[in-house]
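**Q** Encoded as structure tokens, here's the structure I'll be asking about.
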């Protein structure tokens, strides 16, 4: 098979490429039946490629449960680069909203302006000025300096968060709890941060 | 096509009236037909700064209410004949101004002049909102200090929402004029830096006017600085700003007083 020949070339160029890597075989580009798959698997096995699962096979093959074969998988996605995170924040387990409810604003929010969006998240591409306020039923994302007030989870949502690229806020509030500039750690000023609710207090932590 | 320009700031005492007179005079000195209008009903000042206080007969409110014709109320400047003033009433109330009346006066002025410059009162009440409502462009006058910057930010928000252009979904052209800029204090870090002000307000810079005794003196003798002392630092800064309003590309500098050859050779760069 031509594909196997190309695979051999690849292995020759990069001998360690498949070394100890778990590989999922995508069969959707082939029309292989059971004997074909069996042949392919033994070919790959002879090259020391560890197949941990197969997906995208023909439906008739999909239902097969041949002993010794890797399990059939569904709904896999191509992985991008490996993610390494220092101290990941607690992952939000936000329930999926019924309809996409988000407001995108691509202009700065000026002093005296008030953005109120009880239905969901608010994203602002720009700054929120001193004396301006943004209120959202969900989370608030500010891709700029947050100098005014941000009130997330305004109708009662303890999972709402506030993100900004530069913290200079006068007030942060989530689910009715608030924190004024005076109570914020001064070392966080001017930095990209996120704020979330941990029991009964607002936690502000740098994003970088 | 005439352009209606509003000079506004939110905060009082930052130099709106001085800047209206100086920009108006500078444009007129460049050959443009200019009228400056005082919208500060009850606290009129522009007539004083323009040196026309002894020639006021009718005012903006008389014209709005139909008691006088526009030609009767306009005061032509004695020094530059392309410059006119429409004064405010000192005795009447702001409530005498109506949006329709102002629109009518402005439409008439658009026919006669190249530039209609409205000197807004301080604050964000009716007088200020009426002054900006019909404008095509705005000059936001700001001092390099926090309260002035916040008030300017508020005004920019109103310019983007409470004007005819905003209501039609059109963009309002906005320019920042930084006034009372003190190079010595800026160097000592006692004022907001130009970059910080620009970052917060995020509108293009029209000019930087240095703090100067000359400006105060000019106001007191009733002559815009571009007339009384065109070679002064502030005078040159206003001339540059007027050229930028007309679309010329002038490098941004903070003019300094000419004290000698060195001063002539090296204009101070923007901080």
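The values are calculated or read from the model by the stated rules, or taken from the named source; none is laboratory data. From a predicted model like this one, the values you see are computed outputs, not experimental measurements. Using ideal geometry, Cβ is built from the backbone for each residue, glycine included, and neighbour counts are taken over all protein chains shown.
**Q** Restricted to the stretch B:170-203, and to residues that are within 14 Å of another protein chain (Cβ to nearest Cβ) and free of Cβ contacts under 8 Å to residues at least 40 places away in the same chain, which residue is nearest to residue B:16 (Cα to Cα)? Break it down into steps so the answer makes sense when it comes.
**A** Step one: of the stretch B:170-203, the residues within 14 Å of another protein chain (Cβ to nearest Cβ) are B:171-172, B:174, B:176, B:192, B:195-203.
Still in the running and free of Cβ contacts under 8 Å to residues at least 40 places away in the same chain: B:171-172, B:174, B:176, B:196, B:198-199, B:202.
Values: B:171: 23, B:172: 19, B:174: 15, B:176: 12, B:196: 21, B:198: 19, B:199: 22, B:202: 20 Å.
This residue is B:176.
**Q** Among the numbered conditions (1) at pLDDT below 95; (2) buried (at least 20 other Cβ atoms within 10 Å of the Cβ); (3) under 16 Å from the mean Cα position of the chain (by Cα), tell me where residue B:123 comes up short.
**A** Against the list (1) at pLDDT below 95; (2) buried (at least 20 other Cβ atoms within 10 Å of the Cβ); (3) under 16 Å from the mean Cα position of the chain (by Cα), residue B:123 comes up short only on (2).
**Q** Any idea which of (1) under 22 Å from residue A:114 (Cβ atoms); (2) away from every other protein chain (no Cβ under 14 Å); (3) in contact with a strand residue (DSSP E or B) (Cβ under 7 Å, 6 or more places away or on another chain) is the one residue B:126 doesn't satisfy?
**A** Tallying (1) under 22 Å from residue A:114 (Cβ atoms); (2) away from every other protein chain (no Cβ under 14 Å); (3) in contact with a strand residue (DSSP E or B) (Cβ under 7 Å, 6 or more places away or on another chain), residue B:126 fails exactly one: (3).
**Q** Which residues, counting only those in the stretch A:191-202, are surrounded by fewer than 19 Cβ atoms within 10 Å (Cβ to Cβ) and either part of a helix (DSSP H, G or I) or touching a strand residue (DSSP E or B) at 6+ places or on another chain (Cβ under 6 Å) (or both)? Show your work before the answer.
**A** The first filter runs over the stretch A:191-202 and keeps only residues surrounded by fewer than 19 Cβ atoms within 10 Å (Cβ to Cβ), leaving A:191-192, A:194, A:198-201.
Residues satisfying the conditions are A:191, A:192, A:194.
**Q** Can you confirm whether the stretch A:154-168 contains a residue that is at pLDDT 95 or above, more than 14 Å from every other protein chain (Cβ to nearest Cβ) and under 14 Å from residue B:200 (Cα atoms)?
**A** Yes, the stretch A:154-168 contains a residue that is at pLDDT 95 or above, more than 14 Å from every other protein chain (Cβ to nearest Cβ) and under 14 Å from residue B:200 (Cα atoms).
**Q** Something else about it: Evaluate the following for residue A:84: is it in contact with a helix residue (DSSP H, G or I) (Cβ under 9 Å, 6 or more places away or on another chain), modelled with pLDDT under 70 and surrounded by fewer than 16 Cβ atoms within 10 Å (Cβ to Cβ)? Steps first, answer last, please.
**A** Details: in contact with a helix residue (DSSP H, G or I) (Cβ under 9 Å, 6 or more places away or on another chain): no; modelled with pLDDT under 70: yes; surrounded by fewer than 16 Cβ atoms within 10 Å (Cβ to Cβ): yes.
Answer is no for this residue.
**Q** Could you count how many residues in the stretch A:148-174 are assigned to a loop (DSSP other than H, G, I, E, B) and closer than 13 Å to residue A:135 by Cα?
**A** Residues that pass the stated criteria total 8.
**Q** Consider the stretch A:116-147. How many of its residues are within 14 Å of another protein chain (Cβ to nearest Cβ) and in a loop (DSSP other than H, G, I, E, B)?
**A** Counting residues in the stretch A:116-147 that are within 14 Å of another protein chain (Cβ to nearest Cβ) and in a loop (DSSP other than H, G, I, E, B) gives 8.
**Q** Checking the condition farther than 29 Å from residue B:73 by Cβ and in contact with a helix residue (DSSP H, G or I) (Cβ under 9 Å, 6 or more places away or on another chain), which residue from B:117, B:203 passes? Before the answer, list the steps.
**A** On the way: B:117 fails: farther than 29 Å from residue B:73 by Cβ.
Answer to the check: B:203.
**Q** Which ranges mark the helices (runs of 4 or more DSSP H) fully within the stretch B:11-88 that have 3 or more residues being buried (at least 22 other Cβ atoms within 10 Å of the Cβ), under 14 Å from the mean Cα position of the chain (by Cα) and touching a residue at least 12 places away in the same chain (Cβ under 8 Å)?
**A** Numbers: elements: B:16-29, B:46-49, B:60-64, B:70-73.
It comes to B:16-29, B:46-49.
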